[in-house]
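S.K.: Pasting a structure here, questions to come.
The values are calculated or read from the model by the stated rules, or taken from the named source; none is laboratory data. Fair warning: this is a prediction, and the values are worked out from it, not measured in the lab. Here the Cβ is made from the backbone with ideal geometry for all residues, glycine too, and neighbour counts use every protein chain on show. SASA here: full protein model, heavy atoms, side chains in, ligands and nucleic acids out. Shrake-Rupley method; radii C 1.70, N 1.55, O 1.52, S 1.80 Å.
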Amino acid sequence: MAFTCWLSRLRSSYSKTITNLRTSFFHHLQTRGANTTAITSPYHFSKQNPFRFTCSNSLLPITLAGSLAIHFQSPPPLCDASLDSPSRGIGGKGSTEFVVKGSHKHLPQELIEELKAICQDNMSMDYDERYFHGKPQHSFHKAVNIPDVVVFPRSEEEVSNIVKSCDKHKNVKALHIEDMDVVVEPGIGWMELNEYLEPHGLFFPLDPGPGATIGGMCATRCSGSLAVRYGTMRDNVISLKVVLPNGDVVKTASRARKSAAGYDLTRLVIGSEGTLGVITEVTLRLQKIPQHSVVAMCNFPTIKDAADVAIATMLSGIQVSRVELMDEVQVRAINIANDKNLPEFPTLMFEFVGTEAYAREQTLIVQKIISEHRGSDFVFAEDPEAKKELWKIRKEALWSCFAMEPKYEAMTSDVCVPLSHLAELISKSKKELDASPLVCTVVAHAGDGNFHTVILFDPKQEEHLREAERLNHFMVHCALSMEAGTCTGEHGVGTGKMKYLEKELGVEALKTMKRIKNALDPNNIMNPGKLIPPHVCF
């Protein structure tokens, strides 16, 4: 009882803090936008008024349960050509709308009372808290409405009672050291998990934004800078436990490292962005912490030279752990934000791991490759603090950008192409970005062909929004015009990139996705209007 009262007071003070944090460089926000899952409940107070649930993480680590935001609105029909009209542009084929519009209706008092009975003090209708959960910042995806209610389920039973929403507890359920795997609940962050694993000499190798949770990483099929060595989320999840739209709890696989038993349900759910079910448990593949590592950095006269070296390094057969690229604008932002004096040229950063002798040998081989491609200022570090400082530069790239335009917002977008096309893609995109009146930076996971841009714009100026959307459109179509390119390598589809899927995948693939969606979720209650373009019909 005392804990409940204390938590209530904490949440009250926390809501006041959100206003101040909302415009800060709070590193949780970008991933949380991508980690949001929406559910339209089959429980009706009237046939005309279904409602939608939105699930995302709570802000404070002390909140052991996740948060569930409920947004009352009518779901779109499964196939409605009117949704693709210019006046209703919500991300369908040919849509050019930056803001995704939706409808909003009154939240019935009966529903509020029902939630109070389930959650008691663990819910909030505070505007700042609702705003926080409904408005992703620094994301390509924007929305008009915010949730009406935020609830904090504290047990799996409560999750089930809130119409199959998301269990966001942050626990490690089981660690199998000899099997090198771990079973966790979806609300735990990857950084928290690695702190837990470090004393055992193990780590989980994916490293997206600092605030990312394991559940959100599964939902978006994310990766990070270490994906070039360890793969993406689909390669590192062994099995899942998922609540389906009808309430069934499904275990997608055993804990065996490989299996040929039946359909691969694990990979069906990974990357589904909450449209097929709610993840309540994740079994992850772990790795041994490397014995030794070397971090290296070098500069190039052009961004194409830097991309060419990334390609040459991968073709050399070296088992590089990271290959990260930043353009000169991004380096300038880092200098301004951190009071540094780095050479403002396109820059590559590497990490080599293994035994001490092997890591140094790799470093020397790559140094030779760099010298053959007009590289300069090659430096490397083996001291733990020096390595940490170098990687901090890359990890804080987004937040450094605001030092150049403190009053602006950022639109981030990513594309990915086969490695052989990376230099061409970055060169073409870079010319367009440099010619824009907006400040744009380039960062890339260069070892696997994944290219990002940060576009700074004034949200109050309509021409800025149009220009940011134009640049994103150019980047995406540039990638799709190349062999096997994709509109997003790791940021996800959501609503903002639905309009590109038909060109990338073809209508038959989208129809197949729609059939799977309809089979598992016939009432369209799980994150309606996301991932699958609204114009796709059978």
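S.K.: Find out how many positive minus negative residues lie around residue 303, taking Lys and Arg as positive, Asp and Glu as negative, among other residues whose Cβ is under 15 Å from that of residue 303. Please report the intermediate quantities before stating the final value.
M.R.: Details: positive: 304, 332, 374, 428, 430, 431; negative: 305, 308, 324, 327, 328, 344, 424, 432, 434.
That works out to -3.
S.K.: Using a probe of 1.4 angstrom, how much of the accessible area of the range 379-451 is carbon and sulfur, in percent?
M.R.: In the range 379-451, the share of accessible area belonging to carbon and sulfur is 57 percent.
S.K.: A further question on this structure: Can you pull the one-decimal nm distance between simple spin-label points at residue 117 and residue 263, each 7 Å off the Cα toward Cβ?
M.R.: 3.6
S.K.: Okay, next question. Please give the contour-minus-distance gain from residue 509 to residue 356: 0.36 nm per residue of separation, less the Cα-Cα distance, rounded to one decimal in nm.
M.R.: 50.4 nm
S.K.: Moving on to the next point. Straight-line reach only, C-alpha to C-alpha below 17 angstrom: list the aspartates and glutamates that residue 497 could link to, leaving out same-chain residues fewer than 8 apart.
M.R.: Answer for residue 497, where 17 Å is the Cα cut-off: 84, 97, 273, 414, 467, 469, listed by chain and number.
S.K.: How high is the FRET efficiency between residue 379 and residue 109 when r is their beta carbon distance and R₀ equals 51 Å, given to the nearest 0.05?
M.R.: Values: r = 64 Å, r/R0 = 1.26.
Computed FRET efficiency for residue 379 and residue 109: 0.20.
S.K.: Can you count the Lys pairs in the range 302-396 whose Cα atoms are under 21 Å apart, with each pair 8 or more apart or on different chains?
M.R.: 6
S.K.: Treating only the Cβ atoms of Lys and Arg (+1) and Asp and Glu (-1) as charged, compute the dipole magnitude of the range 181-294 about its Cα centre; round to the nearest 20 debye.
M.R.: Numbers: 11 positive and 11 negative charges, 96 e Å.
Charge dipole, the range 181-294, about its Cα centre: 460 debye, nearest 20.
S.K.: Same structure again: Leaving out ligands, DNA and RNA, and with a 1.4 Å probe, what % of the accessible surface on the range 476-526 is carbon or sulfur?
M.R.: Percent of accessible area from carbon and sulfur atoms in the range 476-526: 55.
S.K.: Among 460/517; 135/251; 503/530; 241/517; 258/514, which pairs are too far apart, with a Cα-Cα distance over 26 Å?
M.R.: Details: 460/517 38 Å; 135/251 32 Å; 503/530 17 Å; 241/517 18 Å; 258/514 29 Å.
Pairs exceeding 26 Å: 460/517; 135/251; 258/514.
S.K.: Return one whole number: the accessible area per residue of the range 154-280 in Å², for a 1.4 Å probe. Let's see the in-between values first.
M.R.: On the way: 5210 Å² over 127 residues.
Normalised by residue count, the accessible surface of the range 154-280 is 41 Å².
S.K.: Which of the peptides 410-423, 509-522 is most tightly packed, and how do the rest follow, going by the mean number of other Cβ atoms within 10 Å of each residue?
M.R.: On the way: 410-423: 22.1, 509-522: 15.7.
In decreasing order of mean packing, 410-423, 509-522 become 410-423, 509-522.
S.K.: Could you state the per residue volume, in Å³, of the convex hull enclosing the Cα atoms of the range 300-367? Spell out each step's value before the answer.
M.R.: Working: hull volume 6.2 nm³, N = 68.
Output value, Cα hull per residue: 92 Å³.
S.K.: Sorted by mean Cβ packing within 10 Å, highest first, what order do the peptides 287-296, 231-240, 172-181 take?
M.R.: On the way: 287-296: 16.8, 231-240: 20.3, 172-181: 13.3.
Descending packing order for the listed peptides: 231-240, 287-296, 172-181.
S.K.: Separation between the residue 470 and residue 174 pseudo-spin-labels, each 7 Å from Cα along Cα→Cβ, expressed in nm?
M.R.: The modelled label-to-label distance comes out at 5.7 nm.
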